[in-house]
Amino acid sequence: MTSIALRQDGKTLKRIEIDETHAASLRKERALEIWKRLVRYVQADLNHKQELQNFRALVVECMAWNGLVGVPEDVVSESVGLFRTLVAGGKRATIKNTDPFKLCSDGITPEQAAIKYQKDFLPGLKWLARNPELTEEARAQLGKEAAQFLWEHGDENISLGLVIHQDTAQSFYSMKVERYGTVASPICRFILDRLDYYAKAESKDDIIPLKVCVYCRKIMFFERNSRKTCSDSCRVAMHRKGL
Ligand SMILES: [Zn+2]
């Protein structure tokens, strides 16, 4: 049994208990949702309004995963997906009654952030997509470029607080996000969290659900590892060419 406490502005909002099987499937579902948004963001034309909305939702979902999210009071009750992500993230979660971007110290607008960080996330996703056409050395080189950025924004620039647990059945202490350094921080922290989980997990198959489409070479996400193309049109085009 996993027990998650949701807090809002210092008060406990609710305590949720879920069994391990349910927790695992929820984690998988919400993580995939975030990966989907991230893949879309790095390859998006940000002149389109709906792409900026996708970026906003990406940041907010990652915040929920990390356990510190801003949700204005009037939209708390509508945020079903966010609550699911808060639970899926498995941290002691805090919901602040504020605009989510106010939790980031860099003080730039979501639009500015979307443009500023897009090029920084691309090498990271290319690295995680493990393009089989690149040599191991070339992939490691991408990793060097990417990991620096992920670490700086997802760890060094984040303020953490120490929480000692009264109930020690599951753990003695945990670290809680107090503040995000930049708008990139919540996303980088989500990625680092998944990479740590990948390192510890016995079955690693679907944990980093990214690959390169065999037809158009774009980065894609997958629900099932057997999937090779990013879309129906790529699947059909590949079939026509007899590949
Ligand atoms: Zn494709």
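Values in this text are rule-based calculations from the coordinates and carry no lab data. Computed from a prediction, not measured in an experiment: that's the story for all the values here. Cβ sites come from the backbone with ideal geometry, for glycine too, and all protein chains shown count toward neighbours.
Run the simple label-point estimate for Glu20 and Lys116 please: 7 Å along Cα→C-beta, distance reported in nm.
The two pseudo-label positions are separated by 4.3 nm.
Could you tell me which of rounded, prolate or oblate describes region 163-203, using a ≥ b ≥ c as the square roots of the eigenvalues of the alpha-carbon gyration tensor, with rounded for a/c under 1.5 and, failing that, prolate when a/b is larger than b/c and oblate otherwise?
Here region 163-203 falls in the oblate category.
With a cut-off of 8 Å between alpha carbons and a minimum separation of six or more residues, what is the relative contact order of the chain in percent?
The normalised contact order for the chain reaches 18 percent.
Say the dipole of the chain comes from +1 at the beta carbon of Lys and Arg and -1 at that of Asp and Glu; which of Ser105, Phe83, Phe221 then lies farthest toward its positive end?
Going by the Cα projections, it comes out as Phe221.
By count of other Cβ within 10 Å, fewest leading, how are Val60, Val42, Val75 ordered?
Val75, Val42, Val60
I need the phi-derived Karplus couplings for region 198-208: 6.51 cos²θ - 1.76 cosθ + 1.60, θ = phi - 60°, integer Hz, Gly and Pro marked x.
Result, rounded to whole Hz: 4, 5, 8, 6, 7, 9, 9, 3, 10, 6, 10.
In deg cm²/dmol and to the nearest 500, what is the mean residue ellipticity at 222 nm of the chain if only DSSP H runs of at least 4 residues count, each as -39500 (n - 2.57), divided by the residue total?
-15500 deg cm²/dmol
Kirkwood hydrodynamic radius, computed over distinct alpha-carbon pairs, for region 53-112: how many Å, to one decimal?
Here the Kirkwood hydrodynamic radius works out to 11.6 Å.
Which three semi-axes in whole Å describe the equivalent ellipsoid of the chain, each the square root of 5 times a Cα gyration tensor eigenvalue, listed largest first?
That gives 31, 21, 18 Å for the three semi-axes.
List every residue whose amide H lies under 5 Å from the amide H of Ser105, counting only residues 5 or more places away in sequence or on a different chain, with H placed 1.01 Å from N in the peptide plane.
Excluding prolines and chain starts, which carry no amide H, the hits are Tyr180, Gly181, Thr182.
Over 21 Å between Cα atoms: which of Lys28/Lys119; Lys28/Lys102; Lys96/Lys119; Lys36/Lys200; Lys218/Lys241; Lys28/Lys218 fall into that group?
Lys28/Lys119; Lys28/Lys102; Lys96/Lys119; Lys36/Lys200; Lys28/Lys218
Label region 195-243 by shape, choosing from rounded, prolate and oblate, from the square roots a ≥ b ≥ c of the eigenvalues of the Cα gyration tensor; if a/c is under 1.5 it is rounded, and otherwise prolate applies when a/b is larger than b/c, oblate when it is not.
It comes out prolate by the Cα gyration axes.
How much of the DSSP bridge set in the chain is antiparallel, in percent, rounded to the nearest 5?
Antiparallel: roughly 70 percent of the beta bridges in the chain.
Find how many whole Å separate the alpha carbon centroid of region 214-240 from the alpha carbon centroid of region 110-187.
Using only Cα atoms to place each centre, the spacing works out to 27 Å.
If contacts are Cα pairs under 8 angstrom and at least 6 residues apart, what is the relative contact order of region 84-158 in percent?
23 percent
State the dimensionless ratio Rg/Rh of region 125-243 (Rg: radius of gyration of Cα atoms; Rh: Kirkwood radius).
Rg divided by Rh gives 1.09.
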